[in-house]
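Everything below concerns the one structure shown next.
What follows is calculated from the coordinates using simple rules that are stated; it is not laboratory data. Nothing here was measured: the structure is a model prediction, and the numbers come from that model. Every residue, glycine among them, receives a Cβ derived from its backbone with ideal geometry; neighbour counts consider all protein chains shown.
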Amino acid sequence: MRKFRTLDEFEEEYCRKHPEEIDDYLTEMFQEYAEDNDSGALLASLRVVALTIIDIEDYH
């Protein structure tokens, strides 16, 4: 049986591979929050960024 990645797993991997795009990702995240006030989506995205930054720092 094939195991698919979750959206969080995909976003974490993308941020790890493209750390130079994290600032743009954060900007987009807060723009979307300003439009829809979806605090759950904002917190989930912040979690992805935080885990990515921690992971990146562990390898340096």
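A few remarks follow.
- Kirkwood hydrodynamic radius over Cα pairs of the chain, then Stokes diffusion coefficient at 10 °C and 1.306 mPa s, in µm²/s: 129 µm²/s
- Among 35, 13, 21, the residue with the largest mean-square fluctuation in a Gaussian network model of the chain, with springs joining Cα atoms closer than 10 Å, is 35.
- Dipole magnitude for the chain: about 420 debye, using +1 per Lys or Arg Cβ and -1 per Asp or Glu Cβ, origin at the Cα centre.
- Here is the list for region 1-48: trypsin sites (Lys or Arg not before Pro) lying in DSSP coil, each with at most 16 other C-beta atoms within 10 angstrom of its C-beta, are 2, 3, 5.
- Dipole of the chain [Lys/Arg +1, Asp/Glu -1 at C-beta], most positive-end residue of 25, 52, 6: 6
- DSSP loop chymotrypsin sites (Phe, Trp or Tyr not before Pro) with at most 16 other Cβ within 10 Å: longest gap in the chain: 5-58
- CD proxy at 222 nm, helix term only [per DSSP H run n ≥ 4: -39500 (n - 2.57); per residue of the chain; nearest 500]: -25000 deg cm²/dmol
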